[in-house]
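Following: one structure in structure tokens, then a few remarks.
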Amino acid sequence: MFHRAFLLVLIFGNFLSPVSSQVPDRPHATIYFVRSGSYIGSACVTDITLPNQRSFNLSLGSIVEYTVYSQGIIAVTREISCPATQSTVASRRSDQVSLDITSGTEYYVEVSAGKFRVVPKDDVQKQLDKIKSVMVHAENLDFPIDKASIAANDPNKGAGQCTCFLISASAYVVTNAHCVKDGKEFKVRTTMNGVEREVGATLVASDPSNDLALLKLDGTDIQWPDPPFAIRSKGVEQAERILALGYPYADVMGSEVKVTEGVISARSGVGGDISKFQISAPINPGNSGGPLIDEQGNLIGVLYAKSGMAEGAGYAIKASYLETFLSNIDDLDPPVLTNTIEATSTAQVVSAWRNYVWILSSK
């Protein structure tokens, strides 16, 4: 069960989660992996792996500069694969070193046939001066090494702007869990038929594993209508056309809801994550928590993240996971929604949705 109000989020940021190979303005440390040009073991292939990350090859006489955003104890694995020779059989072995990572710090790992160890910079300075081949890698924030340490080190935590949408006439709104992470006060700027008002909101429940949250709008003097859309949790196909609604960079781009369109690029997210769709509709910081809808106006997902690895790619949490989340909240009757949108064009679908997609801010 997802209990009320106090399930905390372990996902970074209160804006749309950046999914990129490198985010320079985020606090980080740098690890330098230095492999000597020694002839001993030169025929062997050396691969380096950090937890949850893709391995990379460290070639003879090279340096890898690795940006890491997570903090704390991180185990690094080296795997050596050596081919057979006239006098030896093929072999494979692995070993590990551990680093205690603190943002703003540089670390140096010496790698050779017989050495795999953390060393002071002075121990590898000659190689740093000599080696010209430097490759650059960074922690993938789609699947970080340690989500919790990134959230704790996020300068934007507890303050930000996202998108939310009305899910029930009982004044419930849905957004991402990372949008309410560490927030103490929530405000929703609603727009109904051109009339804007700012309403307080209270966190009801949060599901950090699927990045979903439910809030309830404060006050009883406003009569909220039943949303005109249905939740479509089955039958969404690859290449199906979709619309993404939200408020990217609302402080700069304004308080009119923004619409982008695209297709379902894949029915799974990064690394085959079956809880997500990959979409081609462009999304940006501030879109987090907004609805992903089909051409008939049915809700098929909740916008989640932008990819920095693939241009124009984004991700959305599937509506089936939202239904499960809502059905497991104590004392909540999950909304039963019916699509009453009568539309023959994309513009009419967006017009029907416009009154139900709002700006969420937290501090």
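Do we have residue 136 as modelled with pLDDT of 90 or more, open to solvent by 80 Å² or more (accessible area, probe 1.4 Å) and either over 30 Å from residue 209 (Cα atoms) or assigned to a strand (DSSP E or B) (or both) here? Explain how you work it out, then say what you get.
On the way: modelled with pLDDT of 90 or more: yes; open to solvent by 80 Å² or more (accessible area, probe 1.4 Å): yes; either over 30 Å from residue 209 (Cα atoms) or assigned to a strand (DSSP E or B) (or both): yes.
Answer is yes for this residue.
Pick from 98, 87: which is in a strand (DSSP E or B), open to solvent by 40 Å² or more (accessible area, probe 1.4 Å) and not aliphatic (A, V, I, L, M)?
Numbers: 87 fails: in a strand (DSSP E or B).
Sole residue among the options that is in a strand (DSSP E or B), open to solvent by 40 Å² or more (accessible area, probe 1.4 Å) and not aliphatic (A, V, I, L, M): 98.
Which one of 283, 279, 274 is surrounded by fewer than 17 Cβ atoms within 10 Å (Cβ to Cβ), of a type outside the set (Lys, Arg) and in contact with a Ser or Thr (Cβ under 8 Å, 6 or more places away or on another chain)? Working first, answer last.
Values: 283 fails: surrounded by fewer than 17 Cβ atoms within 10 Å (Cβ to Cβ); 279 fails: surrounded by fewer than 17 Cβ atoms within 10 Å (Cβ to Cβ).
The match here is 274.
In segment 291-337, how many residues are more than 14 Å from residue 165 (Cα to Cα) and out of contact with any Pro (no Cβ under 8 Å at 6 or more places or on another chain)?
24
Could you tell me whether residue 344 is hydroxyl-bearing (Ser, Thr, Tyr) and not in a helix (DSSP H, G or I)?
Yes; evaluated as a whole, the condition is true for this residue.
Kindly list, by first and then second residue, each pair from a residue in segment 240-257 that is within 18 Å of residue 296 (Cβ to Cβ) and of a type in the set (D, E, K, R) to a residue that is modelled with pLDDT of 95 or more and not in a loop (DSSP other than H, G, I, E, B), limited to pairs with Cβ atoms under 8 Å and residues at least 6 apart or on different chains.
240/263; 240/264; 240/294; 241/261; 241/262; 241/263; 241/294
Taking the condition of being open to solvent by less than 20 Å² (accessible area, probe 1.4 Å) and under 23 Å from residue 195 (Cα atoms), how many residues in segment 247-269 meet it?
So the answer is 4.
Only residues that are surrounded by 11 or more Cβ atoms within 10 Å (Cβ to Cβ) and over 21 Å from residue 28 (Cβ atoms): list them for segment 65-84, please.
Within segment 65-84, 78, 79, 80, 81, 82, 83 qualify.
For segment 243-296, list the strands (runs of 3 or more DSSP E) that sit wholly inside it and hold at least 1 residues that are β-branched (Val, Ile, Thr), more than 18 Å from the chain's Cα centre (by Cα) and closer than 17 Å to residue 353 by Cα; which are they? Walk me through how you get there before you give the answer.
Working: elements: 258-266, 276-279, 291-294.
The qualifying strands (runs of 3 or more DSSP E) are 258-266, 291-294.
Given the criterion at positive phi and either out of contact with any Pro (no Cβ under 7 Å at 6 or more places or on another chain) or crowded, with 22+ Cβ neighbours inside 10 Å (or both), identify the matching residue among 176, 193, 210.
Values: 176 fails: at positive phi; 210 fails: at positive phi.
Sole residue among the options that is at positive phi and either out of contact with any Pro (no Cβ under 7 Å at 6 or more places or on another chain) or crowded, with 22+ Cβ neighbours inside 10 Å (or both): 193.
Checking the condition buried (at least 19 other Cβ atoms within 10 Å of the Cβ) and modelled with pLDDT under 90, which residue from 319, 313, 343 passes? So that I can check it myself, show each step before the final result.
Working: 319 fails: modelled with pLDDT under 90; 343 fails: buried (at least 19 other Cβ atoms within 10 Å of the Cβ).
After ruling out the rest, the residue left standing is 313.
Name the single residue, out of those in segment 102-129 being in contact (Cβ under 8 Å) with a residue 12 or more places away in the chain and part of a helix (DSSP H, G or I), that is least open to solvent (accessible area, probe 1.4 Å).
Residues of segment 102-129 in contact (Cβ under 8 Å) with a residue 12 or more places away in the chain: 102-114, 116-118, 120-121, 123-124, 127-128.
Next cut, part of a helix (DSSP H, G or I) only: 121, 123-124, 127-128.
Numbers: 121: 88, 123: 89, 124: 0, 127: 40, 128: 38 Å².
Taking the candidates together, the pick is 124.
I'd like to know if segment 141-160 contains one or more residues that are in a strand (DSSP E or B), modelled with pLDDT under 90 and buried (at least 21 other Cβ atoms within 10 Å of the Cβ). It would help to see each step written out before you state the result.
To start, the set of residues in segment 141-160 that are in a strand (DSSP E or B) comprises 160.
Checking the rest, the ones that are also modelled with pLDDT under 90 come to 160.
Imposing the further condition that a residue be buried (at least 21 other Cβ atoms within 10 Å of the Cβ) reduces the set to 160.
Scanning segment 141-160 turns up at least one residue that is in a strand (DSSP E or B), modelled with pLDDT under 90 and buried (at least 21 other Cβ atoms within 10 Å of the Cβ).
The values are calculated or read from the model by the stated rules, or taken from the named source; none is laboratory data. Keep in mind that this is a model prediction, so the values were computed, not measured. Heads up, the Cβs are rebuilt from the backbone with ideal geometry, glycines too, and the neighbour counts pull from every protein chain shown. Heads up: the accessible areas ignore ligands, DNA and RNA and are worked out on the full protein's heavy atoms, side chains in. Shrake-Rupley method; radii C 1.70, N 1.55, O 1.52, S 1.80 Å.
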